[in-house]
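Novice: Input: one structure, supplied below.
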Amino acid sequence: MMTKKFFPLAATAIATAIALAGCGADGGSSSAEPSMPGMEHSNNSSSPTAAANHNAADVMFAQMMIPHHVQAVEMSDLILAKQGIPSDITALATRVKAAQAPEIETMTGWLTGWGQSTEAPAGHSMDGMMGADDMTQLEAAQGVEAAKLYLSQMIAHHQGAVAMATTETVDGTDTAAIQLSKDIVSSQKAEIQEMQTLLATL
């Protein structure tokens, strides 16, 4: 069952996701390229504006979105490690990794520059996060059932990210953070539509 509770993530998982930023698009595979308009995640928000321009909403956005993105990368790694997954779904998972790993690096840089912790505040739930049972189910599933589970989980996960990003767009003050939030809303809404279409075909 999907839950909004925070799924604990090891520090090594975050480090791995950040490392993907430098190699997420390597390998020359065309599957890493967006297949439809609106799928791109902008890389133009890498530099935060002056520290005096950020507020608590910007900090919360980055602190909460980092583990949210890390889990999306983990979910995509799980599906990519399986056999018998339709190629259009593995292409989607590859794009998710390639897009979100650099955003993790960007937001980590913001928090460091702002003198803030890169850890999510204790006791806060995140919309769309999978619980431990959800991740275990995805890890155990195979073939078409795994593909269906990945899509249904990632749709909910993306919907949560859109909600979090929309809050930042309204409440944030840092120009770069607000722009990233808008990019997340645009790109992940497009991916939600794509995933809903893919799910209907399985």
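The values are calculated or read from the model by the stated rules, or taken from the named source; none is laboratory data. The shown structure was predicted, so the numbers you read here are calculated from the model rather than taken from an experiment. Please note: Cβ atoms are built from the backbone with ideal geometry, for glycine as well, and neighbour counts cover all protein chains shown.
Novice: Look through the range 40-76, keep the residues that are over 12 Å from Ala101 (Cα atoms) and of a type in the set (D, E, K, R), and return whichever of them is modelled with the lowest pLDDT.
Specialist: The qualifying residue modelled with the lowest pLDDT is Glu40.
Novice: Condition test on Ala165, is it in contact (Cβ under 8 Å) with a residue 60 or more places away in the chain and under 14 Å from Met75 (Cβ atoms)? Steps first, please.
Specialist: Working: in contact (Cβ under 8 Å) with a residue 60 or more places away in the chain: yes; under 14 Å from Met75 (Cβ atoms): no.
So Ala165 fails the test.
Novice: Take Thr112 and decide whether it is outside any helix (DSSP H, G or I) and either out of contact with any Gly (no Cβ under 9 Å at 6 or more places or on another chain) or modelled with pLDDT under 95 (or both). Before you say what the answer is, go through the steps one by one.
Specialist: On the way: outside any helix (DSSP H, G or I): no; either out of contact with any Gly (no Cβ under 9 Å at 6 or more places or on another chain) or modelled with pLDDT under 95 (or both): yes.
No.
Novice: Here is a list of conditions, (1) in a helix (DSSP H, G or I); (2) under 14 Å from the mean Cα position of the chain (by Cα), and Thr169 meets all of them except one; can you say which number that is?
Specialist: Every listed condition holds for Thr169 apart from (2).
Novice: Within the range 61-89, which residues are at negative phi and outside any helix (DSSP H, G or I)?
Specialist: Within the range 61-89, the first condition is being at negative phi, and the residues that meet it are 61-83, 85-89.
Answer for the range 61-89, where residues must be at negative phi and outside any helix (DSSP H, G or I): Ala81, Lys82, Gln83, Ile85, Pro86.
Novice: Do the conditions hold for Gln142, that is, is it at pLDDT 95 or above, over 17 Å from Lys97 (Cα atoms), crowded, with 16+ Cβ neighbours inside 10 Å and among the polar types (S, T, N, Q)? Don't jump to the end; show me each part of the working.
Specialist: Working: at pLDDT 95 or above: yes; over 17 Å from Lys97 (Cα atoms): yes; crowded, with 16+ Cβ neighbours inside 10 Å: no; among the polar types (S, T, N, Q): yes.
The answer is no for Gln142.
Novice: Let me ask something else about it. Checking Val162 against (1) buried (at least 18 other Cβ atoms within 10 Å of the Cβ); (2) more than 15 Å from Ala99 (Cβ to Cβ): exactly one of these is not met. Which one?
Specialist: (2)
Novice: Which one of these is surrounded by fewer than 18 Cβ atoms within 10 Å (Cβ to Cβ) and under 17 Å from Met75 (Cα atoms): Met126, Met135, Met130, Met154?
Specialist: Values: Met126 fails: surrounded by fewer than 18 Cβ atoms within 10 Å (Cβ to Cβ); Met130 fails: surrounded by fewer than 18 Cβ atoms within 10 Å (Cβ to Cβ); Met154 fails: surrounded by fewer than 18 Cβ atoms within 10 Å (Cβ to Cβ).
Just one listed residue meets the conditions, Met135.
Novice: Does any residue of the range 125-144 turn out to be of a type in the set (A, V, I, L, M), in a helix (DSSP H, G or I), under 16 Å from Ile178 (Cα atoms) and under 16 Å from the mean Cα position of the chain (by Cα)?
Specialist: Filtering the range 125-144 for residues of a type in the set (A, V, I, L, M) gives 126, 129-130, 132, 135, 138, 140-141, 144.
Subsequent filtering for residues that are in a helix (DSSP H, G or I) retains 132, 135, 138, 140, 144.
Still in the list and also under 16 Å from Ile178 (Cα atoms): none.
No, the range 125-144 contains no residue that is of a type in the set (A, V, I, L, M), in a helix (DSSP H, G or I), under 16 Å from Ile178 (Cα atoms) and under 16 Å from the mean Cα position of the chain (by Cα).
Novice: Restricting the search to the range 175-202, which residues are within 14 Å of the chain's Cα centre (by Cα), surrounded by fewer than 21 Cβ atoms within 10 Å (Cβ to Cβ) and not basic (Lys, Arg)?
Specialist: Hits for the range 175-202 are Asp183, Val185, Ser186, Ala190, Ile192.
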